[in-house]
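Presented below is the structure to which this report refers.
The values are calculated or read from the model by the stated rules, or taken from the named source; none is laboratory data. Predicted model, so just to flag it, every value in this text is computed and none were measured. All Cβ positions, glycine included, derive from the backbone under ideal geometry; neighbour counts span all protein chains shown. Quick note on the areas: whole protein, heavy atoms, side chains included, nothing else; ligands and nucleic acids left out. Shrake-Rupley method; radii C 1.70, N 1.55, O 1.52, S 1.80 Å.
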Amino acid sequence: MTQKSTFRTPRARVKYLGAAHSGAHHAWMMRLSTFALLPLTCAFVLIVLSLTGRDFQSARIFLGSPIVAIFMLLFVGVGVYHMTQGMQVIIEDYVHGERVKPLALMANILFGLLIGAALIYAVMRLSFT
């Protein structure tokens, strides 16, 4: 232990640091994605509310407009990233098996990629057809 670290409290030494010492970055990314999701969720709710009373064809045209598609893609991308990061924290904290934890982390990433790809495909299909 260096002289500098002996003057720090135990809490200060481990604050935002996980086993891989990447906790600070992870915590900041979670906060950043939360902050980004606030206006994107408001936009998503407004988009969904504006679809009430529309028939199928006018809803497709509205959802296919460029501005709406951009907001939907941003909402999906940031939402899936935030979901995957949140599940990673839960898996790291509560899954204790040495063999199960890496599999659960890989399944979490795969699930996020599959959900994100499916949602992005749906938005892109609405935009280009």
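Leu114 fails exactly one of the following numbered conditions: (1) under 30 Å from Ala59 (Cα atoms); (2) surrounded by 12 or more Cβ atoms within 10 Å (Cβ to Cβ). What is the number of that condition?
Evaluating Leu114 over (1) under 30 Å from Ala59 (Cα atoms); (2) surrounded by 12 or more Cβ atoms within 10 Å (Cβ to Cβ) leaves (2) as the failure.
All but one of (1) open to solvent by 90 Å² or more (accessible area, probe 1.4 Å); (2) within 9 Å of the chain's Cα centre (by Cα) hold for Val78; which doesn't?
(1) is the only condition that Val78 fails.
List every residue pair whose Cβ atoms lie under 7 Å apart, where the two residues are 6 or more positions apart in sequence or sit on different chains, the first residue falls within the range 24-45 and is within 30 Å of Arg11 (Cα to Cα), and the second residue, located anywhere, is modelled with pLDDT of 95 or more and open to solvent by 60 Å² or more (accessible area, probe 1.4 Å).
Listed pairs, sorted by first residue: Ser33/Tyr81.
Any residue at all in the range 8-16 that's modelled with pLDDT of 95 or more, open to solvent by 50 Å² or more (accessible area, probe 1.4 Å) and of a type in the set (A, V, I, L, M)?
no
Does the range 107-129 hold any residues that are farther than 15 Å from Val80 by Cα and among the hydrophobic types (A, V, I, L, M, F, W, C), and which are they?
Matches in the range 107-129: Met124, Leu126, Phe128.
Could you grab me the full set of residues in the range 117-129 that are touching a residue at least 24 places away in the same chain (Cβ under 8 Å) and open to solvent by less than 60 Å² (accessible area, probe 1.4 Å)?
Val123, Leu126, Ser127, listed by residue number.
Out of all the residues in the range 48-68, which are surrounded by 14 or more Cβ atoms within 10 Å (Cβ to Cβ) and either within 20 Å of the chain's Cα centre (by Cα) or farther than 16 Å from Ser127 by Cβ (or both)?
Listed by number, the list holds a single entry, Val68.
Would you mind stating whether Arg99 is under 27 Å from Cys42 (Cβ atoms), open to solvent by 50 Å² or more (accessible area, probe 1.4 Å) and of a type outside the set (A, V, I, L, M, F, W, C)?
no
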